[in-house]
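Visitor: One structure follows; several queries about it will come next.
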Amino acid sequence: MSKLTQQSAVTEAKRLIIKIGSSLLINADGSLRRDWLHALAADVAALHAEGKQVILVSSGAIALGRDALGFKKRPTRLEEAQAAAAVGQILLAQAYQSLFDDHGIIIAQLLLTLDDLEARPRYLNARSTVNELLERGAIPVINENDTVATSEIRFGDNDRLAARVAQMAGADTLVLLSDIDGLHNSDPRTDPKAQLVPHIEAITPRIEAMAGPPAQQGVGSGGMVTKIGAAKIALAGGTSMIIMNGTAANPVCRLLDGEPCTLFQASVTPLAVRKRWIQGLMVPKGSLHIDAGAVAALKRDASLLSAGVVRTEGEFTRGDLVSLVAPEGGLVGQGLVSYSSADAVKLQGCDMREAEQILGYVGRSALIHRDDLVLL
């Protein structure tokens, strides 16, 4: 990959994620920074008009809900924080939709937990939902599901959540809007000679040392440390990441105009990372024998449809690895299947449009999506 600039990381991206910290959304008195959010909506609508797919990862539910419930400060007990989140999520979703209504854009809310991104079936469901929303022109607004989280709710977690969402969604670029300009070679609050590091291609021990101890910089429990952790996750998934100060209005416009920031550049694309991972999986749970027409379609970068399957072998569940076998018996490729072996047997040789009638439920549009398979 050629060297990115902060501008090309946005202009060349097809799918972007913008993470918004609580301190940017909520005033000290617990009220929403509506003018700032209105300006951000205009930025995002401009990206949307250019054909880019945008996902927002938004903090702020607890901070917004605590005022409505009468808390004078951030709740200290878990059940209090969860109650504030339950109220705040409604208020936050209403605010987003009301502002994007002006641009004719639909907002969708997704609340995720770590388990949703760790358990394979739930991960695949979340990914499919996000993809469908983006394909239909909606903007997903994602937050951690704080109302049911069993571990302590902490500020800063959404940095890592945003990076995990970037992996799941195959985003090209993740922009972390924070209250800091980016990564400095030392703490700029105590060192007047601290310099911003504008471009990073690998997170080395030296780069990690620049982050300092937890909560050294910025607002939140992790500060720069959680952002470096997010960068590791993003880069591993092929997503480039930007940290910038989003406090002033129209942060995306300012980013494109050259506002100082730190760009962490990924060395490969998200799809290449995913394909490499699938190719490296070694133990298929079963196999799908396909006809010559299906082989030809796969070579044209098509998904595998049930009509091209002549035989199903093995026992597997949705999300498992299966081999693809050509008519002459040679191995064509392998991929992550969207149906169980029991359902694949029922579907083989049939048109995917008949799947609901055959199975009794609405399933996926392909046995294996083209992004989930590799040819060998």
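Visitor: So for each of 362-368, 139-145 I average, over its residues, the number of other beta carbons within 10 Å; can you give me the resulting order with the highest mean first?
Guide: Result, highest mean Cβ count within 10 Å first: 139-145, 362-368.
Visitor: Also, I was wondering about something else. What fraction, in whole percent, of alpha-carbon pairs in the chain exceed 37 Å separation?
Guide: So the pairs more than 37 Å apart make up 27 percent of the total in the chain.
Visitor: What residue among N245, C261, F71 has its Cα farthest toward the positive end of the dipole of the chain, where the charges are +1 on Lys, Arg and -1 on Asp, Glu, each on the Cβ?
Guide: Final value for the positive-end residue is C261.
Visitor: Please determine, in degrees from 0 to 90 and to the nearest 10, the orientation of helix 270-280 with respect to the longest principal axis defined by the Cα atoms of the chain, where the helix direction is its Cα long axis.
Guide: That works out to roughly 50 degrees.
Visitor: Right, here's the next one. Apply the Karplus curve 6.51 cos²θ - 1.76 cosθ + 1.60, θ = phi - 60°, to the phi angles in the range 238-247 and return the couplings in whole Hz, x for Gly and Pro.
Guide: Result, rounded to whole Hz: x, 9, 6, 9, 10, 10, 8, 7, x, 4.
Visitor: Convert each backbone phi in the range 89-95 into a coupling constant with the Karplus relation 6.51 cos²θ - 1.76 cosθ + 1.60 (shift: θ = phi - 60°), then list the ³J(HN,Hα) values in order as whole Hz, x for Gly and Pro.
Guide: Each residue of the range 89-95 in turn: 4, 5, 5, 5, 4, 4, 5 Hz.
Visitor: Residues in the range 115-140, backbone N under 17 Å from the label point at L281 (7 Å along the Cα-to-beta-carbon vector): list them, ranges by number please.
Guide: Correct set: 117-128.
Visitor: Separate question: As I understand it, the value is the acute angle between the Cα axis of helix 224-236 and the longest principal axis of the Cα atoms of the chain; what does it come to in degrees, rounded to 10?
Guide: 20 degrees
Visitor: Order the peptides 272-283, 114-125, 35-46 from the highest to the lowest mean number of other Cβ atoms within 10 Å of their residues.
Guide: 35-46, 114-125, 272-283
Visitor: Oh, and also: By average Cβ neighbour count within 10 Å, what is the ranking of 165-176, 315-326 from highest down?
Guide: Per-residue mean Cβ counts within 10 Å order the peptides as 165-176, 315-326.
Visitor: Express the Stokes-Einstein translational diffusion coefficient of the range 3-88 in µm² s⁻¹, to the nearest whole number, given a Kirkwood radius over alpha-carbon pairs, 37 °C and a viscosity of 0.692 mPa s.
Guide: 225 µm²/s
Visitor: A further question on this structure: Can you list the residues, at least 5 places off or on another chain, whose amide H is less than 5 Å from the amide H of I55, using H built in the peptide plane?
Guide: Residues meeting the amide H criterion: L16, I17, I18.
Visitor: For T190 paired with S8, estimate the spin-label separation in nm (one decimal), with each label point 7 Å from Cα along the Cα-to-Cβ line.
Guide: 3.8 nm
Visitor: Okay, moving on. Mind pulling the angle between the C-alpha long axis of helix 157-169 and the longest principal axis of the chain? Nearest 10 degrees, somewhere in 0 to 90.
Guide: Once rounded, one gets 30 degrees.
Visitor: While we're looking at this one, here's another question. Would you please state the base-10 log of I(q)/I(0) at q = 0.11 1/Å for the range 235-367, with intensities from the Debye formula using one equal scatterer on every alpha carbon?
Guide: -0.54
Throughout, read-outs are computed from the coordinates displayed, never taken from laboratory work. Computed from a prediction, not measured in an experiment: that's the story for all the values here. In this analysis, Cβ positions are derived from the backbone assuming ideal geometry, glycine residues included, and neighbour counts consider all displayed protein chains.
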